[in-house]
Structure formats: C-alpha cells, structure tokens
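Each remark here refers to the structure printed beneath this line.
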Amino acid sequence: MTALVLAVVTALVVRQARHRRRRAELRRRLVPGAGGTRGARGPDVATAPVRPVTPVTPVTLVASAASGWRSLAAATGAPLRRLARRPADAGADAALGGAVVPAVVALVLGSGVPLAAALGFAAWAGPVSIGLARRTRTRRARADEAPEVIDLIRLGVGAGLNVRLALEAVVRHHDGILATELRGVLARVGRGERLADALDSMGGASDALRPLVDALVASERDGAPLGTTLDRVATDARTARRRRREEAARRVPVKLLFPLVFCTLPAFALLTVVPVLLRSLPSLAP
C-alpha cells in the first residue's frame with residue numbers, strides 16, 4: 001500500500017513537470033525570441049528557431065520535480081479555495097495544496113490524524129515562514145539603501161534635473177533593491193503611466209520609502225520644492241538606519257548567550273576542571 005501511494009504521487013509530480021516542460025517548449029516554438037507576447041505567432045511557425053533540448057542532469061531532475069510539486073499543490077489547493085469562496089491567488093493555492101497533499105498521504109499510509117495534521121501544518125508553515133523571512137530581509141535592505149538613494153536624488157535635483165531625470169541618474173549609478181524598483185517605475189512611465197502614479201505604487205510597499213515618495217509626488221504634481229524636503233528626509237532615513245543598527249548591536253550579547261552557555265563554558269570545564277579532578281582522584285582514594 002505504501003509503495004502504491006508513493007508511486008502514484010511520484011507519477012503525478014513527474015507528469016505535471018513533463019506537461020509544464022512541453023508547454024514551455026511549444027510556446028518557445030510558436031513565439032520567436034525569449035520574451036515574446038503570449039498568443040503571438042511568428043511569421044512562419046515552420047521556420048521558427050528550435051532551442052536545443054536541455055540535457056537531463058540531477059539538477060534538472062530536481063528542478064522538474066520541484067516544478068511538478070508546485071503544479072500539483074496549486075491544482076489541489078485551487079478547488080479547495082474555490083469551495084471556501086476565496087479569491088483566486090496562485091500563491092495561496094500552492095500553499096494550501098502543499099499542506100493538504102502531505103496530510104492526505106500520511107492519512108492513507110495510516111499514520112494517524114495527529115501526525116497527519118502535524119505534517120500538514122509543517123508543510124504549510126515552512127514556506128510561509130521562509131517567505132516572511134525573505135520579505136523581512138528585503139524590507140531591511142530597502143531601508144538600509146534609502147539614505148544613499150535619497151542623497152543621489154538630492155544631488156540630481158540640485159544639479160538642475162527634474163524628478164524623472166534624477167531617477168534615471170540614480171538607476172545608472174546605483175545597484176540594489178531600490179534601483180531595481182526605480183527601474184520598474186521608469187519602465188511603467190515609459191509605457192505611458194504618469195510618474196506620480198507609478199511612484200505611489202512603489203511607496204506602498206515600505207514605510208521607509210513613504211516620506212521620499214511623498215516628497216517626489218508632491219514635487220511632480222504640485223511643483224513643491226524638493227531641496228529642503230529631501231534634506232530632512234535624508235536626515236530622518238540616516239537616523240533611522242543608525243537606530244536600527246544600534247538595536248541590532250544591543251541584541252548581539254543576548255544572541256551570544258546560547259553558544260556561550262552550551263558550547264564555550266562546557267569546553268572550558270572539560271579543558272580545565274576535568275583534568276584537575278582526574279589527577280586528584282587517586283589521592284582521594286582510601
């Protein structure tokens with residue numbers, strides 16, 4: 001029974017991975033170039049360039065299995081969320097399916113309801129915690145880069161550039177998360193969106209960028225002067241970054257307690273106290 005269930009799950013994962021690979025290959029043949037528009041066809045399908053087949057390696061097998069697992073989880077979670085009348089969300093579908101499938105497999109294998117529930121919760125909480133940690137790191141990196149980006153914008157505005165040209169100069173001379181987001185803003189502006197609207201959507205992702213975005217939007221929409229405002233925003237961002245780093249430095253002694261108590265002190269006792277006790281034992285014997 002166990003072998004049958006494992007074989008069925010493996011077959012489903014491999015089938016989903018193979019289906020996704022065939023669909024991607026068909027799309028590459030129908031759409032010339034790597035970034036073609038969905039549904040667009042080249043001038044001649046027969047003469048469309050065919051990409052070489054990727055050789056099968058352990059890395060590609062793992063990637064295919066992971067892709068198949070995500071597809072299987074999304075296909076399992078989507079109908080369950082539709083039954084619960086939840087809005088469509090690919091990430092939530094995959095998270096729910098990734099929790100339901102291991103729990104069902106554990107129940108089929110006869111592991112019991114508590115173990116199946118624990119396995120399903122672990123399968124759901126793992127990706128969620130990883131995603132939260134990734135978002136936290138991104139938010140901290142964005143806040144740490146904010147003072148330098150604000151200084152570059154202030155230099156550009158002080159040199160006589162408008163907001164858009166100053167942002168283009170920042171993108172050319174800075175590399176980081178904020179530079180990537182600013183490239184996205186400029187790309188949306190290049191497609192016809194107003195700069196103030198594109199900046200508003202960027203500032204909603206982080207509280208650290210809200211003062212900067214408000215200043216740029218006010219200058220773009222109302223013509224408000226930027227010099228004094230950017231000076232104040234840069235000072236506040238630099239002060240906030242110094243405060244965060246001081247808090248992180250104060251947390252270091254607390255984080256060092258565990259290795260100190262459970263690693264350093266036992267090693268010190270083994271190297272100093274234990275040899276003295278071993279040498280003293282013969283003299284203490286009657």
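All of the numbers you see were taken from the coordinates with simple rules; none came from a lab. Since this is a predicted model, take the numbers as computed values, not measurements. Every residue, glycine among them, receives a Cβ derived from its backbone with ideal geometry; neighbour counts consider all protein chains shown.
Looking at the stretch 95-139, which of its residues are under 30 Å from residue 179 (Cα atoms) and surrounded by 15 or more Cβ atoms within 10 Å (Cβ to Cβ)?
Matches in the stretch 95-139: 127, 139.
Do we find that residue 175 is under 30 Å from residue 66 (Cβ atoms), in a loop (DSSP other than H, G, I, E, B) and either among the charged types (D, E, K, R) or in contact (Cβ under 8 Å) with a residue 24 or more places away in the chain (or both) in this structure?
Yes, satisfied.
So, of the residues in the stretch 190-203 that are under 18 Å from residue 222 (Cβ atoms) and of a type in the set (A, V, I, L, M), which turns out to be surrounded by the most Cβ atoms within 10 Å (Cβ to Cβ)?
Within the stretch 190-203, the match that is surrounded by the most Cβ atoms within 10 Å (Cβ to Cβ) is 199.
Only one of 236, 207 is within 28 Å of the chain's Cα centre (by Cα), among the acidic types (Asp, Glu) and not in a helix (DSSP H, G or I). Can you tell me which?
Going through 236, 207 in turn, the sole match is 207.
Looking for something out of contact with any Gly (no Cβ under 7 Å at 6 or more places or on another chain) and outside any helix (DSSP H, G or I) - is there at least one such residue anywhere in the stretch 253-267?
Within the stretch 253-267, one or more residues are out of contact with any Gly (no Cβ under 7 Å at 6 or more places or on another chain) and outside any helix (DSSP H, G or I).
So, of the residues in the stretch 66-97 that are more than 23 Å from the chain's Cα centre (by Cα) and of a type in the set (Lys, Arg), which turns out to be nearest to residue 121 (Cα to Cα)?
81
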